[in-house]
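Just so it is clear, none of the values below were taken in a lab; they were calculated from the coordinates. What you see is a predicted model, and the numbers here were worked out from it, not measured in a lab. Ideal geometry is used to build each Cβ from the backbone, glycine not excepted, and the neighbour counts take in all protein chains shown.
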Amino acid sequence: MDLQELGGLHHLTAVTGHAAANLDFYTQTLGLRLVKKTVNQDDVSAYHLFYADAVGSPGTEVTFFDWAWASPNRAGTGTVAETALRVPGRAALAAWAERLAELGVDADPIVEHAGRASLPFVDPEGQRLRLVDDGGAAGGHPWDGSPVPPEEQIRGLAAVTLAVERPESTARVLTDVLGFRFEGEAATDAGERVGVYAVGPGGPGAEVWLSTGSASGPGRGGIGGVHHVAFRAPDDAAHHAWRERIAAAGLGVTPVIDRFYFRSIYFREPGGILFEIATDGPGFATDEAMDALGERLALPPFLEPRRAEIEAGLTPLPAPVGR
Ligand code: ZN
């Protein structure tokens, strides 16, 4: 066994119903880099867009399936309630409050939440997001093509908030199977409590916040919601060991799937939220030059023979700007 600790959050994947508007918001408003424009490998009629830091580091990726046919996300149990993204310090957070107001983004004032200063807002499709002061901890490579100054850029994922009907069942999988540490309860900006669970290095980028608030009834994924959350395995040996451990715990887990930019396994935690464990490598520069990431439609080798057919089924997106 080579069961190395999970390295924190790897990426999360959400759902958009409007790829062009999604691209504009995440690159031009939030200032992330489009590091890969590809298709959902299980549904090649849909874009899969990856936004990240300058080099597509694991832990900085927010990705979207473009599913115009999907129904809107309904908040509630069995879903990711909110995604927190890191910014490097309080001054950056204050700059973001001004930036979001200037750009007409639906945001609340800066508030204390789970022990950190943060700025809650929603994307144009109602995706619940929050910028968090990460205290200047290391992470993320600034992108010189971003409209946001380097000292204020989003540096990756901070935490995800899970809403589940029985938090104790989800907590047990986090701690007993996945190796998370319970770090205590913290108050939310709404006066509720979240359990803070950390893994690997802990802190922003390696936390799950488990909502222990009153259940609001079952939610349902869809446009403006999160499809799944992925955690980091450092290499293939650790990835295989994690697969064995999760299977041994009685959680139905998929075989290892080669996503070309990383390898993945998927399983559902007891609260109904889809988890993934993904390898840190090989990364997004495996089929494109680092300075040209995201500029053309990238297809993994097994889909390349179908390129003409796949491209014909996609609505062209505007070229990346800001470079
Ligand atoms: Zn994924």
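Treating r as the C-beta distance of ASP2 and ALA101 and R0 as 56 Å, the FRET efficiency rounds to 0.70.
Across the range 99-189, the mean sequence separation of Cα contacts (distance under 8 Å, 6 or more residues apart), normalised by length, yields a relative contact order of 24 percent. For the range 4-86, the list of chymotrypsin sites (Phe, Trp or Tyr not before Pro) that fall in a loop by DSSP and count at most 15 other C-beta atoms within 10 angstrom reads TRP69. Note on the range 75-152: along the principal axes its Cα atoms extend 38, 27, 22 Å, ordered by decreasing extent. Of the residues SER118, SER57, SER169, the one that moves most in a GNM of the chain with alpha-carbon contacts below 10 Å is SER169. Here the spin labels are modelled as points 7 Å beyond Cα on the Cα-Cβ line, and at ARG268 and GLU165 they lie 1.2 nm apart. Equivalent ellipsoid of the range 63-214: semi-axes from √(5λ) of the C-alpha gyration tensor, largest first, are 25, 19, 15 Å. Centre-to-centre separation between the Cα atoms of the range 245-316 and those of the range 57-106: 21 Å. In whole percents, the pair-distance distribution calculated for the range 7-90 from its alpha-carbon pairs, binned every 5 Å from zero, is 3, 13, 22, 25, 20, 12, 4, 1, 0.
With the charge dipole of the chain set up from +1 on Lys and Arg Cβ and -1 on Asp and Glu Cβ about the Cα centre, the Cα lying farthest toward the positive end among the listed residues VAL164, ILE277, VAL35 is that of VAL164. Taking every alpha-carbon pair in the range 9-312 and binning the separations at 20 Å intervals from zero gives 35, 61, 4 percent. Taking the Cα centre of the range 13-104 as the origin and placing charges on Cβ (Lys, Arg +1; Asp, Glu -1), which of PHE25, SER45, ALA101 is farthest toward the positive end of the dipole? My answer, from the dipole projection, is ALA101. Could you tally the net charge around THR175, taking each other residue with its Cβ under 15 Å from the Cβ of THR175, Lys/Arg +1 and Asp/Glu -1? For residues surrounding THR175, the net value is -3.
Simple point charges give the picture: +1 on the Cβ of Lys and Arg, -1 on the Cβ of Asp and Glu, and for the range 139-197 a dipole about the Cα centre of about 220 debye. Charge tally around GLY17: other residues with Cβ under 9 Å, Lys/Arg +1 each, Asp/Glu -1 each, net -2. If I take R0 = 25 Å and measure r between the Cβ atoms of LEU297 and ALA247 in this structure, what FRET efficiency does the formula 1/(1 + (r/R0)^6) give, to the nearest 0.05? Working from the Cβ atoms, E equals 0.10.
Shape analysis of the range 21-153 based on the Cα gyration tensor places the equivalent ellipsoid semi-axes at 24, 19, 14 Å, largest first. Projecting the Cα atoms of VAL194, HIS141, ALA70 onto the charge dipole of the chain, computed from C-beta unit charges around the Cα centre, puts ALA70 farthest toward the positive end. Basic side chains Lys and Arg get +1 at the Cβ, acidic Asp and Glu get -1 at the Cβ, and with that the dipole of the chain about its Cα centre reaches some 400 debye.
3J(HN,Hα) couplings calculated from phi for the range 158-166 with the Karplus curve 6.51 cos²θ - 1.76 cosθ + 1.60 (θ = phi - 60°) are, in sequence order, 9, 6, 10, 9, 9, 10, 9, 6, 10 Hz; Gly and Pro show x. Each of ILE277, ILE257 was scored by other Cβ atoms within 10 Å of its Cβ. Arranged with the fewest first, they read ILE257, ILE277. Seen from GLY281, the other residues with C-beta closer than 11 Å to its C-beta sum to a net charge of -1, counting Lys and Arg as +1 and Asp and Glu as -1. The distance between label points at ASP108 and GLU151 comes to 2.9 nm (points 7 Å beyond Cα on the Cα→Cβ vector).
So the label point goes 7 Å from the Cα of SER71 along Cα→C-beta, right? Which residues of the range 190-234 then have their backbone N under 15 Å from it? The answer is 218-225, whose backbone nitrogens lie closer than 15 Å to the label point.
A cut-off of 5 Å between modelled amide H atoms, ignoring neighbours fewer than 5 places along the same chain, links ALA46 with ASN40.
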